[in-house]
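Participant: Just passing along the structure, written as C-alpha cells.
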Amino acid sequence: MSVWDDLVGQEKVSEQLAAAARDADALVTAASGDAPPPEASKMTHAWLFTGPPGAGITQTARAFAAALQCVSPDRALGGAPGCGFCDGCHTALVGTHADVTTVAAVGTQILADDMRDTVRKSFTSPANGRWQVILVEDAERLNEKSANAVLKAVEEPAPRTVWLLCAPSIEDVLATIRSRCRHLNLRTPSVAAVADMLVRREGVEPDVAAAAARATQGHVDRA
C-alpha cells in the first residue's frame, strides 16, 4: 500500500509527485545532517492541481502532502516516501497532521481574514513534521485580497513550506500566482480505471462496478 493507491487513473501525475516527494525527503535529510542539498531536485515550493470534477484533485494534493510528511523507516533503506502507514502519512491523510493546514471556501469566497493566520503560519518552520504544507482546496475562490496574500507567500516562501493549490482550471487562478506554481492537470479517469477501483477498494462485483463506472462517466466520487 502507498498513498498513491487510491488515485484513480492518474498514473503519470502519481509518478511525478512520487519523484518530487523522494527529492523533498532528500532535501530535508541533507539539511538535518548538515550535508549539501542534492544538485538537482524535482521538488518545488508551490503546486497547482487542476482537473475536471471527479478527477480527485484534492485527494491527489492530500496524498502528496502525506508523502511529504512520511516518516517510514524504510526511507533510509531506499524506500519511497508515502508508505500510507506511518504516523506522518496517516495523520496527513485524515486531516489531523499539525503541519498540514487545509483551507476551504466558506460560501463563495476565501476571504483575506480567513487566510491571514494561514499565511502567517506558512512562514514558520514545521512543528514536528518534515514540511509545512498549506493545502488550498478552492483556490479559484480566493478574492483579490486573499489572492494577494497568497501571492506574497509563494513569492518568498519559507525554506520548508509547500503550497498546494486546487482549482478546476489554470485560468481560475490569478496569473501571478500560477506563474509561480508547478502545474499538474489531472484527467477524467477511464471507465475501466473506475471499475477497477470499485472492485479493488469497495469489493463491488465486476459487472456492477463496470455499470456504475459507465453511468458516472469516470466521476470517482459519484461511482
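The values are calculated or read from the model by the stated rules, or taken from the named source; none is laboratory data. Since the model is a prediction, treat every value here as computed from it, not as a measurement. A quick note on method: Cβ atoms are made from the backbone with ideal geometry, for glycine too, and the neighbour counts reach across all protein chains shown. Please note that ligands, DNA and RNA were not included when accessible areas were found on the heavy atoms of the full protein model with its side chains. Shrake-Rupley method; radii C 1.70, N 1.55, O 1.52, S 1.80 Å.
Participant: Among (1) at pLDDT below 90; (2) under 17 Å from the mean Cα position of the chain (by Cα); (3) open to solvent by less than 30 Å² (accessible area, probe 1.4 Å); (4) not hydroxyl-bearing (Ser, Thr, Tyr), there is one condition ALA210 misses while meeting the rest; what is its number?
Facilitator: (2)
Participant: If you check VAL94 against the conditions, is it under 18 Å from the mean Cα position of the chain (by Cα), over 23 Å from MET43 (Cβ atoms) and open to solvent by 60 Å² or more (accessible area, probe 1.4 Å)? Before the answer, list the steps.
Facilitator: Values: under 18 Å from the mean Cα position of the chain (by Cα): yes; over 23 Å from MET43 (Cβ atoms): yes; open to solvent by 60 Å² or more (accessible area, probe 1.4 Å): yes.
When the stated conditions are applied, VAL94 passes them.
Participant: Further question on the same structure: Tell me the residue from ALA55, ALA76 that is open to solvent by 30 Å² or more (accessible area, probe 1.4 Å) and of a type in the set (Gly, Ala, Ser), please. Show your work before the answer.
Facilitator: Working: ALA55 fails: open to solvent by 30 Å² or more (accessible area, probe 1.4 Å).
Only one candidate qualifies: ALA76.
Participant: Step by step: first the residues of region 5-40, then only those that are open to solvent by less than 50 Å² (accessible area, probe 1.4 Å), among the small types (Gly, Ala, Ser) and part of a helix (DSSP H, G or I), then the one that is farthest from ARG75 (Cα to Cα). Which residue is that?
Facilitator: SER14
Participant: Scanning region 166-182 for residues that are assigned to a helix (DSSP H, G or I) and open to solvent by 70 Å² or more (accessible area, probe 1.4 Å), which turns out nearest to ALA61 (Cα to Cα)? Break it down into steps so the answer makes sense when it comes.
Facilitator: Looking only at region 166-182, we keep the residues that are assigned to a helix (DSSP H, G or I), and these are 170-172, 175-178.
This time we only want the ones that are open to solvent by 70 Å² or more (accessible area, probe 1.4 Å), so: 171, 178.
On the way: GLU171: 19, ARG178: 16 Å.
If we take residues in region 166-182 being assigned to a helix (DSSP H, G or I) and open to solvent by 70 Å² or more (accessible area, probe 1.4 Å), then ARG178 is nearest to ALA61 (Cα to Cα).
Participant: If GLY84 passes every condition in (1) in contact (Cβ under 8 Å) with a residue 60 or more places away in the chain; (2) within 15 Å of LYS145 (Cβ to Cβ) but one, which one does it miss?
Facilitator: The one condition GLY84 does not meet is (2).
Participant: Looking for whichever is under 24 Å from PRO189 (Cα atoms), in contact with a helix residue (DSSP H, G or I) (Cβ under 9 Å, 6 or more places away or on another chain) and touching a residue at least 24 places away in the same chain (Cβ under 8 Å) here; the options are ALA153, ALA139. Which one fits? Explain how you work it out, then say what you get.
Facilitator: Numbers: ALA153 fails: under 24 Å from PRO189 (Cα atoms).
Just a single option satisfies the conditions, and that option is ALA139.
Participant: Is it the case, given these coordinates, that ARG62 is among the basic types (Lys, Arg) and without any contact (Cβ under 8 Å) to a residue 60 or more places away in the chain?
Facilitator: Numbers: among the basic types (Lys, Arg): yes; without any contact (Cβ under 8 Å) to a residue 60 or more places away in the chain: no.
Here the answer is no, as ARG62 does not meet what is asked.
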